[in-house]
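Worksheet for the structure shown next.
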Amino acid sequence: MQWFKRRITSSWIKGKKCLPERPLLRRILWKCVVLSLVSALALCAALSCYRWVIRAHHQHRFRLYDQPLREVRLATDGVLSPTLVAPYVALPMGISLMDIDIQSLKRRLQTLEQVQSAEIERHFHDQSLQITLREEKPFARVRLEQGGEKETLYVGESAKVFHGFGFTDTSSRSLPFLTGLDLHKRAMGNAYDFGCDITPIRDFLGQCKKNYPEIYSQIRYLSLAHWDPNGEARWSRLELATQSVKRIIFSSHYWEEQFQRLHYLLKDDHLKKCFPIERIDLRLGQEVSIRLRHNRR
């Protein structure tokens, strides 16, 4: 009893806590866990060092030994073909891959108004150059008149107006014309824009094409002469010209309801006998104003 008291007193005087010893099995498990973590970290460090050494070796080897260009591959999400892009690449076959100026080549490709972005990669394993293009997606056309000559340009989803290459006649004729807005030439290049945000127009035509393709296929012109880009003016409206109706007036909001009413009217057998109709005004809510042609029989 005296010995136990002396031991407690001695530990208290030294400022140490009297803790029970851990069981042997628990200590063994804890050491195993610590050893496993240390081994995993060491393995990760070794693999990282190995990858770094291999990459450095390859880079040194490709710089040490000349790698002539054997092939240029083109991938695009649009309609540009290798024949159309070749004049903007202009690389002699056999040029060293390391001698190709990637940034200069990108700038040359982006002089194509149709190109939105370009990515270029060197592939040393097969000595090729991979060019990946992202093109503008046109949703409409516009006529540009300069010096008495008329020219057809394309309107991209980013509001860029550009000269298009590689589009077929069928795909071009399926795009409606935009009228009523002046074009402004951009500071860089030969591209144009409208000087305002035409995202609502893109959404309007996209909604019509997706939900009412039979109406979209008949659209010839979309007039923006009375459209307010800010969407605040009460007089703001969109005017369509189709094959069966010379003038269809939409308000700037609630397009789905107006498309539904127009779809119902164009399917009416009595109105079909009056085609082409002079005007359909869809801005009156549930009521619709229809003006028939004057020379009907």
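Listing for the model above:
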{"quantity": "Failed item, numbered, when D66 is tested on (1) in the same structural domain as I201 (by TED's automatic domain parsing); (2) over 20 Å from G166 (Cα atoms)", "calculated": "(1)"}
{"quantity": "Test for I215: is it closer than 16 Å to R141 by Cα, among the hydrophobic types (A, V, I, L, M, F, W, C), touching a residue at least 40 places away in the same chain (Cβ under 8 Å) and surrounded by 18 or more Cβ atoms within 10 Å (Cβ to Cβ)", "calculated": "no"}
{"quantity": "Odd one out for H270 among (1) over 22 Å from V155 (Cβ atoms); (2) touching a residue at least 60 places away in the same chain (Cβ under 8 Å)", "calculated": "(2)"}
{"quantity": "D101 modelled with pLDDT of 90 or more, exposed (fewer than 13 other Cβ atoms within 10 Å of the Cβ), of a type in the set (D, E) and in contact with an Asp or Glu (Cβ under 9 Å, 6 or more places away or on another chain)", "calculated": "no"}
{"quantity": "Counted residues, the stretch 156-180 - those being more than 20 Å from S81 (Cβ to Cβ), in contact with an Asp or Glu (Cβ under 9 Å, 6 or more places away or on another chain) and of a type outside the set (S, T, Y)", "calculated": "5"}
{"quantity": "Filtered residues of the stretch 171-214 (kept if assigned to a loop (DSSP other than H, G, I, E, B), among the aliphatic types (A, V, I, L, M) and farther than 11 Å from V161 by Cβ)", "calculated": "L175, A187, M188"}
{"quantity": "Criterion violated by I120 - all others in (1) touching a strand residue (DSSP E or B) at 6+ places or on another chain (Cβ under 6 Å); (2) part of a loop (DSSP other than H, G, I, E, B) satisfied", "calculated": "(2)"}
{"quantity": "Scope the stretch 249-294; condition surrounded by fewer than 16 Cβ atoms within 10 Å (Cβ to Cβ), of a type in the set (V, I, T) and not in a loop (DSSP other than H, G, I, E, B); matching residues", "calculated": "I290"}
{"quantity": "Test result for G206, under 30 Å from P82 (Cα atoms) and out of contact with any helix residue (DSSP H, G or I) (no Cβ under 9 Å at 6 or more places or on another chain)", "calculated": "yes"}
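The values are calculated or read from the model by the stated rules, or taken from the named source; none is laboratory data. Just so it is clear, the structure is predicted and the values come from calculations on it, not from any experiment. Virtual Cβ from ideal backbone geometry, glycine too; neighbours counted across all protein chains shown.
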